[in-house]
1. Kirkwood hydrodynamic radius of the range B:186-290 from all distinct Cα pairs, in Å?
2. Return A:TRP343, B:TRP419 ranked ascending by Cβ neighbour count within 10 Å, so the fewest neighbours appear first.
3. Restricting things to alpha carbons, find the Rg to Rh ratio for the range A:264-361 using the Kirkwood radius for Rh.
4. On average, how much area does the Cα convex hull of the range B:205-261 cover when viewed from any direction, in nm²?
5. How far apart are the A:THR64 label points across copies, placing each 7 Å from Cα toward Cβ, in nm, shortest first?
6. Provide an ascending nm list, one decimal, of label-point separations from B:SER81 to the equivalent residue in each further copy; define each label point as 7 Å from Cα along Cα→Cβ.
7. Fewest first, what order do B:LEU11, A:LEU240 take by the number of other Cβ atoms within 10 Å?
8. How long, wide and thick is the protein assembly as shown, going by the Cα atoms along their three principal axes, in whole angstroms, largest first?
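Here, each number is a calculation from the coordinates, and none is a lab measurement. None of the values given here were measured: they were computed from a predicted structure. Counting neighbours? That spans all protein chains shown, and the Cβs are built from the backbone with ideal geometry, glycine included.
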Protein chains: 2
Amino acid sequence: MYELTMLQGALRSGVADRPSVFELFGRRLPGSRRFGVVAGTGRLLDAIEAFTFTDDQISFLHRTGIVDDDTLDYLRGYRFSGTIRGYAEGECYFAGSPLLTVEGSFAEACIIETLALSIYNYDCAVASAASRMTMAAHGRPCIDFGARRTHEHAAVAAARAAVVGGFAGTSNLEAGLVHGIPTFGTSAHSFTLVHDTEQEAFAAQVASLGTGTTVLVDTYDVAAGVERAVAAARAAGGELGAVRLDSGDLVAGAFQVRSQLDALGATSTRITVTSDLDEYAIAGLGAAPVDFYGVGTQLVTGSGHPTAALVYKLVEREGRHGRRQEVAKRSSGGKATVGGRKWAGRVLDDSGTAVEELVVSCTAHEQGEAALRQAGARPLQVTLVRDGMIVEEHRGTAALEAAAQRHQASRAELPYDAWRLSEGEPALPTRLVSLEDLPAQPASAALGEPPVRP
Amino acid sequence: MYELTMLQGALRSGVADRPSVFELFGRRLPGSRRFGVVAGTGRLLDAIEAFTFTDDQISFLHRTGIVDDDTLDYLRGYRFSGTIRGYAEGECYFAGSPLLTVEGSFAEACIIETLALSIYNYDCAVASAASRMTMAAHGRPCIDFGARRTHEHAAVAAARAAVVGGFAGTSNLEAGLVHGIPTFGTSAHSFTLVHDTEQEAFAAQVASLGTGTTVLVDTYDVAAGVERAVAAARAAGGELGAVRLDSGDLVAGAFQVRSQLDALGATSTRITVTSDLDEYAIAGLGAAPVDFYGVGTQLVTGSGHPTAALVYKLVEREGRHGRRQEVAKRSSGGKATVGGRKWAGRVLDDSGTAVEELVVSCTAHEQGEAALRQAGARPLQVTLVRDGMIVEEHRGTAALEAAAQRHQASRAELPYDAWRLSEGEPALPTRLVSLEDLPAQPASAALGEPPVRP
């Protein structure tokens, strides 16, 4: 609501057209995490293109008197026509990283605040949790089974963000349809229970889905379930694909089931575990003979940090005399902001390890990029929307796959500290400087000695 | 995905048509809360009515080979035709309370599992957090400002669930449009910053929105902001509606601003506080001169418990010889379930205080209700869907208002323990009995002595 009433106020006072720059960033990483993961970019681009006001919405605003007729006229014709630059999806980010830089009139940039924040706050939270889980899994595939543990539409976004963070797929078919994500399914206890015996249930599943299916073996007795599942597959002429364990102590369970499977000669049958997994539980299962992790609640709720706590702030706008001015909130309590548009780059040492997030406050495009180059930093911002036109390479299924690869590369660049699951300092310090602070010298001198690697 | 592959398996093995009963419940309350709040009922009823498979979805399932042609034929004609009973929206609930009882064929009841769980898990989590916040606010209005801190569609559901938990309104206009919830707005720091001076910004806001508006006073210096805001309203011929504080120590800030407002004679100008509020922060502001609480992150993320951890389990179905049978998962790790359809009632003592959640496991409708009556319990389940037809009184704006009132009444019935914000035991114990365990005696004797009230 406040976006629209601010729009009305700005239209009346004549500042609605002022060229403005908003930035989307986090003051700090949530919960002493080591890094954050950019996600939601492709979704945001779709949403910005679709962001117009329907007749129903205009009539609601009129009926309730929330805004006046001039404002309704503006909204009827609304379409974002500005430019957005930002971190490419999948990139790691740190405190103060300018994830999005939105340029446009105050009016058009101010009213996408909630849209941009809600998408980024949720998707980055999930992708950041997903990345910690895939780190803990050390290459074993993680699969999203969280559809039922969050809002029905959020679940679809979560499946997508999980892929950015390294997940192999999802049980969410809508995410498969909309985002082209590989889908995986098992079966529930109800499938076993609706049959008269476990044996009949397993035979039915194998008959329907083939011997490669994943059978849930813990409805009654696990050892008996494993034996029946293997027998059902063999009766159908094959070896069972996998069994799923969803209760009990999963470490002990996995060892027991593996040795039972091996004793039965079912050495190719794999083990999927589920049951309130998070990155710590996954790490705890590292030595156990587990092949797949199915993750639900903790993935879709950000594993303790369900929002990325990103904010959207006006940092620059044209003033009374047509002059560009940096602006910033100056109040107390750690919520003050730093004015001016920012240019971000990642500084690497000679071994290719990232050592610093360099953020240069600088109004001019060319000077900002030049300052990063001079500091030897890899520029982090790309153009996502140019004069209202979406840059197509940043959305769609191919963009999602590219984001997942980009995240692997970006994470691999971080110092080993990034891989620690414990709470602590960010893996990279953020150095926020204004252009004038950067001496016109070679990068190494400008940056001083890089931090010592652990 | 597993719902559809289970459906395929059940169609093949011939059990898809078996009359079945699923229950949706929580094994325990999340995080040692004192009670949970039922929310999402109206949304679920809309969603069940709309739950069909589109051509796009069918063609995706066909293209990917996820299910076979027989299953696609079933899905093309899918429409839920069963019966759902459940707790009325707004009712308090406890461990094991059967929030929904879904009767239908195995096929039709099994494939709404994820839909029902995702709606209830999210909405109940938000409503439960909201109720704790409105308890802590002791009658001061709480307003949802959380749209930006969760998925864009989840935010609309959160605004609605917050109303069930006692919130007065939302800043989310879509929630105003879709659910008829009162909307409230203030302004952001960017509105102040886009103007050349704070004075001009406040004048513009008052000119546009009237003197009754809420002005954000902490962009630069709070004391100067308050003075300018009051002056802007008076210049427009009125007294300012409210000021908003969004940073710093809110307790000290509220006292300072109140005394400044009073000294300026602006005794009718009220104070709204925002800034990472949760139920504990709200309680901590109890003695401060605050008039409204604006709550964001902690509301839409369930204040530490972003999912209600509800599950959906098959408890009863027809077996091979057409006989009704209770079924239950028997495995280890606290995840075993109790078979048989359940009837729930709240037992009150003579003073009208609730003392027990009585849950009677009993296959027959009449006997279950009779057992509750005999125990002197208020029956908690109502019919929400009858043979596929939605019971209209349980959805829509009037139903939402009724749910909010119902929650107030249900919460007022609980023992004082329910009002404690600390972690601890549920405010009511759940007594799960089978029909045979209940002696055919008057309620008082059957239940023994009610627990001592605190």
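1. 13.6 Å
2. The order, fewest Cβ neighbours first, is B:TRP419, A:TRP343.
3. 1.25
4. Mean projected area for the range B:205-261: 3.5 nm², to one decimal.
5. Reported distances to equivalent positions: 3.6 nm.
6. Copy-to-copy label distances at B:SER81, shortest first: 5.5 nm.
7. Ascending number of Cβ neighbours within 10 Å: B:LEU11, A:LEU240.
8. Extents along the principal axes: 87, 69, 48 Å.
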